[in-house]
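Novice: Have a look at this one before I ask anything.
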Amino acid sequence: MTDKKPFYITTAISYVNGAPHLGHAYEQILTDTMARHKRLDGFDVMFLTGTDEHGQKVAKTAEREGMEPQAFTDKIAQKFIDMTDQLNISNDDFVRTTEPRHYEASKAIWNAIKTNNPDDIYLDKYAGWYSVRDEAYFGEGELTDARDADGNEHKLAPTGAPVEWVEESSYFFRLSAYADKLLELYTAHPDFIEPDARRNEIISFVKSGLQDISISRTNFKWGVPVPDDEDHVMYVWLDALTNYITGIGYPDTDSDSYQKYWPADFHVIGKDIIRFHCIYWPAFLMAAKLEMPKKVFAHGFINVNGAKMSKSVGNVIAPQDLIDLYGLDPTRYLLMREVPHGQDGNFSHEYAIQRINSDLANGLGNLSQRSLSMIYKNCEGQIPQIGALTDADKKLLNHAHDRMMVVVREECEKMKFNRALEAIFKLVIDANGYVDAQAPWTLKKEDPVRMETVLYVLAEVVRVLGIAMLPYTPESANKILDQLKIPANERDYSFISDEHMLKSGTEIDKPEGIFPRLDANDKAA
Ligand code: MSP
């Protein structure tokens, strides 16, 4: 048994109609950073991700590829599973919506809605517009007219996706009955939707009135069968959203994991799918008499050189391309440093190289390398003794042990990792300034005792930075801590304090560069 507080965080689950791209990678890294931050802060974290494998979009892509849907989704889902390894994602589970446990959970939530609110699901006929790309229904009023290259008129969804006219027998969910309850939820829990701009978008949408939604399809078969009516498959979004409870044991609501982790603390998603998460999902949960998640956090989109990533433009970046070019941790760092909270972020090769070199190679890497090399050479490879502390020493140590972490914690709670990193790199700059001002290389002859204290202070700051960087650049931060011989169970935030300073006399490893400097002439992404 653990007395740690639980923290449950999820990503959206990706459609398996194509290979993962930088946008998917960004969401994984963002969520992973939060999960790692929470673990370091003493929480018992459950981090779930997965793949969304049903629906017409996936079925159509499989057909185009001449494959059975199951064989096709097995192939693509594996690429998403592989991506979690490539990116060093610390997820605790991975739900594929084609797994038996997920069929069970999806059928159970359907039945829970029917049992608790029998009038909320009714059979009727759907006649209206459907966008396969978004797997979403749209009202006539939301569409725009467009002409294709051959001059044919057709209609487009607000997302720019083509729509098709659908008429079929369908079960409906009485979403219209939930508008007031949803508005009450947003009012009672003002941070249920973040950032505020998204919250306002959802509130005004709900205030404009909600229509009942179709929650089953009959003109294709690739989905979870509706309980007691196998002519229908469940609407892919009802199926997909349910993954968040599949992963913690639903329908066994008495299970340890469900009891511990539901309601989720954070659903991390992209800004394009807020309606599904902030309107449909809470309404389904209310109807099934399940608790509400605590927060939906919508991040922005990653653009490439100012343009939306798209296959037709040919600017889609595969996560592995960046890892090959910059290394994994610099790629992770870049994405967390460059994308402002909840906003779109732009990726450009030129800027990436500048950022990686200035912060990681010349900043943190150089600080750690020169501090530890001086110790290795001048202090017999051991953490030196600490003498009387000057004001400058105390100021730097206070920055490391107190001031930095106050800001880091505050910003991380809001997923403002760019700000948290800004705070961490203020310490790097401060410490690099301290090295120059104290000039330990001149103290070597003039005052070796003082030199030892200066080098001790520097090594201590490097230790703190090693711990603070664990969420962002886990492998490299661990290498820094390995060099300092910090035991694995001392690598968390509780060890950032005056009481847990480095032990003098500890033998350190021969320091090796952690962040290589990149050559700006490397091939552009
Ligand atoms: N399958 C649905 C989600 C179901 S969740 C119950 C879906 N899949 S997706 O593959 O299209 O997108 C997965 C996630 O990646 C979404 O949160 C989406 O917003 C995000 N991104 C897709 N492209 C993106 C960028 N270019 N940039 C950042 N995130 C983007 O939607």
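Rule-based calculations on the coordinates, nothing more; no lab input. The model shown is predicted, which means the values in this text are computed figures rather than measured ones. Cβ: placed from backbone, ideal geometry, glycine included. Neighbour counts: every protein chain shown.
Novice: Hydropathy first: keep DSSP H helices in the chain averaging at least 0.5 on Kyte-Doolittle, then drop any whose Cα extent along the axis falls short of 27 Å, and list what survives. Let's see the in-between values first.
Specialist: Working: long enough: 417-438 (31 Å, 0.30); 448-468 (30 Å, 1.27).
Answer set is 448-468.
Novice: Once amide H atoms are placed 1.01 Å from N in the peptide plane, what residues at a sequence separation of 5 or more from residue 172, or on another chain, have their amide H within under 5 Å of its amide H?
Specialist: 122, 123, 124, 215
Novice: Find the percent of Cα-Cα distances in segment 350-500 that exceed 25 Å, and round it to a whole number.
Specialist: 25 percent
Novice: Now a separate question. Sort 138-147, 42-51, 163-172 by packing, meaning the average of other beta carbons within 10 Å per residue, with the highest value first. Could the numbers behind the result be given before it?
Specialist: Numbers: 138-147: 11.1, 42-51: 22.1, 163-172: 16.9.
Highest-to-lowest ranking by the protection proxy: 42-51, 163-172, 138-147.
Novice: Report, in listed order, any pair from 271/416; 377/445; 107/181; 479/510; 377/485 with a Cα-Cα distance greater than 19 Å.
Specialist: From the list (271/416; 377/445; 107/181; 479/510; 377/485), the Cα-Cα distance tops 19 Å for 107/181.
Novice: Helix-only mean residue ellipticity at 222 nm, the chain, DSSP H runs n ≥ 4 weighted -39,500 (n - 2.57), per residue, nearest 500. What is it?
Specialist: Mean residue ellipticity at 222 nm (helix-derived): -13000 deg cm²/dmol.
Novice: Now, a different point. Show which lysines lie in cross-link reach of residue 394 when reach means a straight Cα distance below 23 angstrom and same-chain residues fewer than eight apart are skipped.
Specialist: 426, 444, 503
Novice: Further question on the same structure: 5 Å is the cut-off here: which amide hydrogens, built 1.01 Å from N in the peptide plane, fall below it relative to residue 296, excluding neighbours closer than 5 in sequence?
Specialist: Residues meeting the criterion, in which the H sits 1.01 Å from N, are 193, 194, 267.
Novice: Moving to a separate point now. Checking a compactness column here: for the chain, what do you get for Rg(Cα) / (2.2 N^0.38 Å), N being the number of residues? Don't skip to the end; give the middle numbers.
Specialist: Numbers: Rg = 26.3 Å, N = 525, 2.2 N^0.38 = 23.8 Å.
Compared with the compact-globule rule of thumb, the chain sits at 1.11.
Novice: Amide H of residue 315: which non-local residues (sequence gap of 5 or more, or other chain) have their own amide H closer than 5 Å, using H built in the peptide plane?
Specialist: So residue 315 has HN proximity to 310.
Novice: Would you mind ranking 129, 110, 281 by Cβ crowding within 10 Å, fewest neighbours first?
Specialist: 129, 281, 110
Novice: Report Rg (one decimal) and Dmax (nearest whole number) for segment 6-300, counting Cα atoms only, units Å.
Specialist: Looking at segment 6-300, its Cα Rg and Dmax stand at 18.6, 61 Å.
Novice: Starting from the Cα of residue 63, move 7 Å in the Cα-to-Cβ direction to define the label point; list residues of segment 180-224 whose amide nitrogen is under 17 Å from there.
Specialist: Answer for this model: 217-224.
Novice: Please compute the modelled spin-label separation between residue 382 and residue 256, points set 7 Å along Cα→Cβ, answer in nm with one decimal.
Specialist: 4.5 nm
Novice: Same structure again: So which aspartates and glutamates can residue 75 reach, going by Cα to Cα under 17 Å and dropping same-chain residues fewer than 8 places off?
Specialist: Straight-line reach from residue 75, under 17 Å: 52, 53, 63, 65, 85, 99.
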